[in-house]
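Structure first, then comments.
The values are calculated or read from the model by the stated rules, or taken from the named source; none is laboratory data. These numbers were taken from a predicted model, which means no experiment stands behind them. Every residue, glycine among them, receives a Cβ derived from its backbone with ideal geometry; neighbour counts consider all protein chains shown. The accessibility values were calculated without ligands, DNA or RNA, using every heavy atom of the protein model including side chains. Shrake-Rupley method; radii C 1.70, N 1.55, O 1.52, S 1.80 Å.
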Amino acid sequence: MKKNWLIGVFLLALHAPLPAALLNEPAAPLPLMEPEDPLLEPAKPAATQADEPAPAGQSDTPATPATDGEPEGTIRVPYIPETVKEQLKKELEESLRKEIVEEIVRQGRKEHWGVPDAWPEWVQRLSFAGDIRLRAQNDSYAAANGIYPDVQKTNEERSDQLLNTTEDRNRLRTRLRFGVQANLIPSELDAGFRLATGSSSDPVSTNQTLGNSSRPYSVFLDRAFLAWRSRSNVWSAWGGRMPNPWFSTDLVWDEDLAFDGVALKVNPLRDLTESSPDFDPFLTLGAFPLQEVELSQKDKWLYGAQAGFNARLGGSSKMVFAVAYYDYRNIEGELNAIGSNLLDHTAPQFLQKGNNLFNISQSGDTLLGLASDFNELNVTASFANYSFAPTHIILTLDYVKNLGFDEQEILQRTGRVPLYPFTDLNRDVEASQIKLTVGRPIVERKGEWQTSFAYKKIGGNAVLDAFTDSDFHLGGTDARGWILGGAYGLALNTWLSVRYISTDEIKGAPLGIDTLQIDLNAKF
């Protein structure tokens, strides 16, 4: 019955103009309504002199004296002019429309019409994020460059392949990433995944080069993880294909690299009331399978541990310091017996360039394996000063040494087989980087800016070349050089960035590469 009344008055209201408040226009003042409105109830007669109530059973309205042709007790109703009737009608309609609108608003709020709460509860626990990048890239090679093997293609083709070291390249490239994260248990358990362009054979790049005869691009599952954290913020655990869990730079880990496995981070001094104290130590542990081998017990793994702290230094500075140890297991190549391929799985699934390699095949073809083990000690520090906020000054230092390099073990492992890319063993097992950034830490809005300068040096066997920065020296190790960069915000979540990278080889044949990257970025 109530719904029928609402529908009826709602249809009636449609024939009259809407209140000005709903049209975002100033409304004319409405007449004030008395508690007992004489327009809505019969008029009461004036009180008698004695002001006494009528006897029980009798009306307190006096009867009008009888006149000719009128029965006794007739009540006269005063004449109401047409103009007054129209005024009464208008005021009644305005009052009725007001009640209808208020009832509709109350019902809309109750049923969540057209508001975020109208979405199902499970939808409200989802968050979405993505970005797109358009890049123009020029790679210029020095005229005196020597000949280098393309070790990844060599392993794919099982025959010697060469890198391009002489022909300059101009490429247009793009990158698209889109991720979804769901909060399964409030403030405790999240699930997430991300899709990205790229290549199934390259773990350190999500770029897609334009110029593929208009064939569609490939999109891959770049993230798929569960993240569990304590309500007290003391610990968090990750499992699946996850973002980089370490405090690090691209000296060791490329920014596009994902980690498959499990990780645990502990911040012992955090609690519910203060998520980030002035001194915030942390410990991160991780175990990541690199390659599962069906016919061998020697699966390839990466185990890591990192300890460090975040610290506020006064009111305008902050410091982060961490020491990490990354222990690779069973990644070294093993020499096959003559005519056998039983140990082919010891060859790495992905390589860039720089590490010493050797041919593990003795069947007339080429299959390259790592000559050295890698156990990397990494020390990273970052100091930020925001005395000139919003401008920040950030200094980052990074150092790594491969403690797994053992010349005697390498000689025993390789025997008389010559090394790649050159026959000489590269004993340079240290890498370092210094970077100065001035401006906004992250450029997100129009007019924001950032500049940076970095110098980097990576010894040939300092880090695993597969996972280091894929842009510096176009990927790999055995290189040194500098990087100059800048970014400027064009609009909200849209910015232009430019980077110039100039590098040379440290040992071996000459290899000079200059790379210019101009990027238009947008995130959503």
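Measuring with a 1.4 angstrom probe and ignoring ligands and nucleic acids, GLU156 comes out at about 100 Å² accessible. Its Cα centre serving as origin, the stretch 372-495 has a Cβ charge dipole (Lys and Arg +1, Asp and Glu -1) of approximately 520 debye.
Quick one: net charge of LEU134's neighbours, Cβ under 9 Å, K/R +1, D/E -1? Local charge sum for LEU134: +3. Computed from label points 7 Å out along Cα-Cβ, the spacing between TYR399 and TRP228 is 3.9 nm. Express in whole angstrom the spacing between the alpha-carbon centres of the stretch 234-268 and the stretch 79-102. Here the two parts' Cα centres lie 70 Å apart. Take every DSSP beta bridge whose two residues both sit in the stretch 330-429, then give the antiparallel share in percent to the nearest 5. Bridges in the stretch 330-429 are about 95 percent antiparallel. What does the charge add up to near TRP495, with Lys and Arg as +1, Asp and Glu as -1, over the other residues with Cβ less than 12 Å from its Cβ? Local charge sum for TRP495: +1. Among the trypsin sites (Lys or Arg not before Pro) in the stretch 441-524, those placed in a DSSP loop whose Cβ has at most 16 other Cβ atoms within 10 Å are ARG445, LYS446, LYS507. Once the Cα-Cα distance is subtracted from the 0.36 nm per residue extended length, the TYR217 to LEU377 segment shows a gain of 53.8 nm. Within the shell of other residues whose beta carbon sits under 9 angstrom from the beta carbon of ALA258, the net charge comes to 0, with Lys and Arg scored +1 and Asp and Glu -1.
Counting other Cβ atoms within 10 Å, which GluC sites (Glu not before Pro) in the stretch 256-297 have at most 10 and lie in a DSSP loop? All intermediate terms of the calculation are to be shown ahead of the outcome.
Values: sites: GLU274, GLU292, GLU294; in loops: GLU274, GLU292, GLU294.
Hits after loop and neighbour filter: GLU292, GLU294.
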